[in-house]
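Contents: one structure, followed by commentary.
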Amino acid sequence: MLADDAAKGDGKNAIVVVDYGMGNLRSAWQALVHVANGRTVLVSADPAVVSTAERVVFPGQGAMPDCMREIEARGLRSAVLEAARNKPFLGICIGQQMLFEHSEEGDVPGLGVIAGKVRRFPAEYMVDAAGNRLKVPHMGWNQIRQAREHPLWKGIANGTRFYFVHSYFVAPTNDACVVGSTDYGLPFTSAVAQDNIFAIQCHPEKSALAGLAMLANFVAWKP
């Protein structure tokens, strides 16, 4: 269970982690509390709390069809879309993928906030430079090449390693939103930014000091 103080509050002036029942959100909450400088960090499944948040973190793990179903079932879709339109918004892992229009995983539509689709790692590319087969899911530490400057990259060196666990990756329609890429058999988009949204495939809450730096940058970000 999450600590009691992770779930209480009305969201006003708070950093709210959206809880739609998919995955253990404790590590994301703990990492944010660590860098929040005393600001309130809540984990909530209440659309009203998400709507009143100052900034929103949209994490998650699991299969895309299950995640989309739970967002709808819990009445969170409108609150998440509203947050993605008008407040600092951080998408993590499948929280990044759900922002796109469509996913090959289960052949389901996403939230459609960012143009593009979610693709599975193609088997024909899953070979390393030595000819060894690469496993899917892509799991472990890997580098992110920064495609351009962004406030969330502040203090984080280009090529820094972050922790990944995923079988699918985003393929944006417009490359202008790409702010980071990673190689795993092929180069794939690992970070995107659009207006008040920053979304990343890796898990910053599991990525040691670099991940904490990114979360601290998000807490301070004024898009």
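The values are calculated or read from the model by the stated rules, or taken from the named source; none is laboratory data. Since the model is a prediction, treat every value here as computed from it, not as a measurement. Cβ atoms come from the backbone with ideal geometry, glycine included; neighbour counts cover every protein chain shown. Note: areas computed on protein heavy atoms with side chains; ligands, DNA, RNA excluded. Shrake-Rupley method; radii C 1.70, N 1.55, O 1.52, S 1.80 Å.
Any chance the stretch 7-23 includes a residue that's touching a Ser or Thr at 6+ places or on another chain (Cβ under 8 Å), open to solvent by less than 40 Å² (accessible area, probe 1.4 Å), at pLDDT below 95 and assigned to a loop (DSSP other than H, G, I, E, B)?
Checked the stretch 7-23: at least one residue is touching a Ser or Thr at 6+ places or on another chain (Cβ under 8 Å), open to solvent by less than 40 Å² (accessible area, probe 1.4 Å), at pLDDT below 95 and assigned to a loop (DSSP other than H, G, I, E, B).
Kindly indicate whether any position in the stretch 142-160 is open to solvent by 40 Å² or more (accessible area, probe 1.4 Å), closer than 18 Å to Met126 by Cα and either out of contact with any Cys (no Cβ under 7 Å at 6 or more places or on another chain) or among the small types (Gly, Ala, Ser) (or both).
Yes: one or more hits.
Given Val219, Val165, which one is surrounded by fewer than 17 Cβ atoms within 10 Å (Cβ to Cβ) and outside any loop (DSSP other than H, G, I, E, B)?
So the residue among Val219, Val165 that is surrounded by fewer than 17 Cβ atoms within 10 Å (Cβ to Cβ) and outside any loop (DSSP other than H, G, I, E, B) is Val165.
Would you mind stating whether Ala171 is closer than 22 Å to Gly62 by Cβ, under 18 Å from the mean Cα position of the chain (by Cα), of a type in the set (Gly, Ala, Ser) and open to solvent by less than 70 Å² (accessible area, probe 1.4 Å)?
yes
Do we find that Val118 is of a type in the set (A, V, I, L, M), surrounded by 18 or more Cβ atoms within 10 Å (Cβ to Cβ) and at pLDDT 95 or above in this structure?
Yes: the conditions hold for Val118.
With crowded, with 17+ Cβ neighbours inside 10 Å, without any contact (Cβ under 8 Å) to a residue 60 or more places away in the chain and not in a helix (DSSP H, G or I) as the only criterion, which of Gly60, Gly91 stands out?
Of the residues listed, the single one that is crowded, with 17+ Cβ neighbours inside 10 Å, without any contact (Cβ under 8 Å) to a residue 60 or more places away in the chain and not in a helix (DSSP H, G or I) is Gly60.
Report the residue count in the stretch 142-171 for those that are under 13 Å from Gln201 (Cα atoms) and touching a residue at least 40 places away in the same chain (Cβ under 8 Å).
Within the stretch 142-171, residues that are under 13 Å from Gln201 (Cα atoms) and touching a residue at least 40 places away in the same chain (Cβ under 8 Å) number 13.
May I ask you to say which residue of Arg39, Arg26, Arg85 is over 21 Å from Asn196 (Cα atoms) and either surrounded by 15 or more Cβ atoms within 10 Å (Cβ to Cβ) or over 15 Å from the mean Cα position of the chain (by Cα) (or both)?
Arg26
Take the stretch 189-207 and flag every residue that is in contact (Cβ under 8 Å) with a residue 24 or more places away in the chain and either part of a strand (DSSP E or B) or of a type in the set (A, V, I, L, M, F, W, C) (or both).
Within the stretch 189-207, Ser190, Ala191, Val192, Ala193, Gln194, Ile197, Phe198, Ala199, Ile200, Cys202 qualify.
Only one of Lys135, Lys87 is under 27 Å from Val41 (Cα atoms) and basic (Lys, Arg); which?
Of the residues listed, the single one that is under 27 Å from Val41 (Cα atoms) and basic (Lys, Arg) is Lys87.
Scan (1) polar (S, T, N, Q); (2) within 13 Å of the chain's Cα centre (by Cα); (3) farther than 22 Å from Trp221 by Cα for the single condition Gln96 breaks and write down its number.
(3)
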